[in-house]
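**Student:** Below is a structure I'd like to ask you about.
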Amino acid sequence: MDPRCGWHYLRNESYIGNLIFNRKSQKLRQAAVKNPPEQWIRSEGCIEPIIDREVFFSVRKIIEERRADLSEEEMLVPVAQSS
């Protein structure tokens, strides 16, 4: 991802002053495992924010609404139509 675009800043909560720990766990010589959000440790307001919280969450909402979760069949429809 190109850090010059604004999306990078609007996906990372550290820019609004929050730090999140325990997103991943790793034992020695083992592959990293992503932990579920319930196990994350969130520390809110511990650093100076550089982006307004309202702007951050409104943009995050727009990003989530634009995200399309398609099944394999739905993804293959345009390919089948072009053939």
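Each reported figure results from applying straightforward, stated rules to the coordinates on display, with no laboratory input. On a predicted model such as this, the values are computed, not experimentally measured, just so you know. Positions of Cβ are generated from backbone atoms using ideal geometry, with glycine treated the same way; all protein chains shown enter the neighbour counts.
**Student:** For Asn18, list long-range residues whose amide hydrogen, built 1.01 Å from N in the peptide plane, is under 5 Å from its own amide hydrogen.
**Tutor:** Gly45
**Student:** Please give the contour-minus-distance gain from Arg60 to Leu19: 0.36 nm per residue of separation, less the Cα-Cα distance, rounded to one decimal in nm.
**Tutor:** 13.1 nm
**Student:** Please compute the modelled spin-label separation between Leu28 and Ser43, points set 7 Å along Cα→Cβ, answer in nm with one decimal.
**Tutor:** 2.6
**Student:** Shifting gears a bit: Please compute the modelled spin-label separation between Asp52 and Leu70, points set 7 Å along Cα→Cβ, answer in nm with one decimal.
**Tutor:** About 3.6 nm, to one decimal.
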